[in-house]
Amino acid sequence: MVDLRALSPDDAPALTRIYSGASIRYTTGKPLTLDQAHEKIRTSLARAAENPRMQWSWCILRESQTIGLISLRRRTPSMGTISYILREDCWGRGYATQAVIQVVPVAFTSAGLNRLEAMHHPENPASGRVLTKAGFTRVGTADRNTEHGPAIPYELYKLKNTSR
């Protein structure tokens, strides 16, 4: 089982470990420096004070150790996106699935969203399995621009709030 908690300034070293190695293969491809990790945390804390709130970010904890990060972003008044990243030594154990399952009710209750979307790199099918296990449905692809080269067709998933 994993727990979630808000980011704190002390999490910067853990974020640099998370955003390194194979874990960043399907992101920017660049490791996060300690200064960048501190900036990411400062931004997250500032966004927590926004009204209306546009972003939520949590550390993913396993036995009190930060092993990943999950974020919920409001894209429109009724739609949000979920993204997550885990340290590569924590892959394949269901931790990302557990984290997504914990964030979905926050999105639909606290954030008041009606729909969630998530995408994953086409060469990362494990992330698609995470989303499917959390109740998302694959709906197609969405081109995502890259820093180097042409846009990549990311796999797109959606989840609707069925309780409304």
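The values are calculated or read from the model by the stated rules, or taken from the named source; none is laboratory data. Given the structure is predicted, the values throughout are model-derived calculations rather than measurements. Every residue, glycine as well, gets a Cβ built from its backbone with ideal geometry; the counts of neighbours run over all protein chains shown. We work out accessible area using only protein heavy atoms, side chains counted, and drop any ligands, DNA or RNA first. Shrake-Rupley method; radii C 1.70, N 1.55, O 1.52, S 1.80 Å.
Hey, quick one: spin label on ARG5, modelled 7 Å out along Cα-Cβ, who in region 43-59 has an amide N within reach, i.e. under 11 Å? So the set is 59. Once you have a ≥ b ≥ c as the square roots of the Cα gyration tensor eigenvalues for region 59-160, tell me rounded if a/c is under 1.5, and otherwise prolate or oblate according to whether a/b is larger than b/c. Since a/c reaches 1.5 but b/c is at least a/b, the shape of region 59-160 is classed as oblate. Its convex hull of Cα atoms gives region 1-56 a direction-averaged projected area, equal to a quarter of the hull surface, of 4.8 nm². Report the extension gain between GLU63 and THR109 in nm, rounded to one decimal, defined as 0.36 nm multiplied by the number of residues separating them, less their alpha carbon distance. Between GLU63 and THR109, full extension yields an extra 13.9 nm. Mean sequence separation of contacting Cα pairs (under 8 Å, at least six apart), scaled by the length of the chain, corresponds to a relative contact order of 19 percent.
Each of THR137 and ILE101 was given a label point 7 Å from its Cα along the Cα-to-Cβ line. The distance between the two points is 2.1 nm.
Comparing ALA99, ALA126, ALA49 in a Gaussian network model of the chain where C-alpha atoms under 10 Å apart are linked, the largest mean-square fluctuation is found at ALA49. Expressed as a whole percent, the accessible area of region 33-164 that falls on carbon and sulfur atoms is 49 (1.4 Å probe).
Long hydrophobic helices in the chain, taken as whole DSSP H segments with a C-alpha length of 20 Å or more on their own axis and mean Kyte-Doolittle hydropathy at least -1.0: 34-48.
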